[in-house]
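Presented below is the structure to which this report refers.
Since every read-out is calculated from the coordinates, none of them should be taken as a lab result. A quick note: this is a predicted structure, and the numbers were derived from the prediction, not measured. So basically every Cβ, Gly included, is an ideal-geometry build from the backbone, and we count neighbours across all protein chains shown.
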């Protein structure tokens, strides 16, 4: 039986299926984008949104009369909203796909995707085949991979999330082959689910996971291909499941859109990027 979680709040993330406002993140359907005014609408990746929200607040403080709305919903929403002119800027936690080359991408930071288990789980690393066997249901108990004699709870991402797409690409399996017990949307849901279930396994942003671990979350990040899941290994390029965090536009940005993107890519916000355990990237 698949359980779908629809609400989750942490100190850092917000998701909702109805209207909720929390620390400036709003889940609603915007009326229209208007890049010529002093209002910007950004929609998309729930990994990127909390960071952009913090950057937006700083930008607003320095730009009189500017209002920036940051809305989540997944990378697919970011792409669709930009193409439909619903959003001025989209947020995606991956590179552009081949069929998205009509869009313009601007890298904000680098991140990785890590498998996570409860801190009490004795398993510290898994091979790629072991991971595939767990998520496809071929291995159903932790003892088969060096853990306790307990049934594994598989936590998978919902469709439309780039974290899911990159994870499936890493495993070389289709989503139809995954046998989840719980389906979640954003990183906060995944972290809350695993910290609340000693037998669960999921995968989330390394930045999101390290952020919560530093704040006492009962969480362990598992190594991949023998490489520790850490911000430092994303920084030095050794972690095998890394990705860019991008802002995207439908055309070459100008006006307020261009000003904001330049600000997001400037050293003025490196402290905010590092505070959320991502790796800053300077614009070329």
Exercise for review: Using Cα centres only, tell me the gap between segment 226-284 and segment 151-194 in whole Å.
Suggested key: 24
Exercise for review: Using Cα pairs closer than 8 Å and at least 6 residues apart in sequence, work out the relative contact order for segment 111-235, in percent.
Suggested key: 42
Exercise for review: Specify the residue with the greatest mean-square fluctuation among 218, 251, 75, computed from a Gaussian network of the chain linking alpha-carbon atoms under 10 Å apart.
Suggested key: 251
Check your understanding: What angle do you read, to the nearest 10 degrees and between 0 and 90, between the alpha-carbon axis of helix 255-264 and the longest principal axis of the chain?
Key -> 40
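Which value in deg cm²/dmol, rounded to the nearest 500, describes the helix-derived mean residue ellipticity at 222 nm for the chain, given -39,500 (n - 2.57) per DSSP H run of n ≥ 4 and division by the residue count? Numbers along the way, then the final one.
Working: 9 runs with 79 residues, N = 284.
Mean residue ellipticity at 222 nm (helix-derived): -8000 deg cm²/dmol.
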Check your understanding: How much FRET efficiency would the formula 1/(1 + (r/R0)^6) give for residue 254 and residue 232, where r is the Cβ-Cβ distance and R0 is 35 Å, rounded to 0.05?
Key -> 0.40
Practice item. Express the relative contact order of the chain as a whole percentage, based on alpha carbon pairs under 8 Å and six or more residues apart in sequence. Key: 26
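So, by mean Cβ neighbours within 10 angstrom, what's the order for 108-119, 55-66, 232-243 with the highest one leading? Don't jump to the answer; show the numbers that get you there.
Details: 108-119: 24.9, 55-66: 14.5, 232-243: 16.9.
Taking the mean over residues of other Cβ atoms within 10 Å, the ranking is 108-119, 232-243, 55-66.
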**Study point:** Cα principal axis extents for the chain, largest first, Å
**Key:** 60, 37, 36
Exercise for review: Pop a pseudo-label 7 angstrom from the Cα along the beta-carbon direction at both residue 57 and residue 262 and give the gap in nm to one decimal.
Suggested key: 2.6
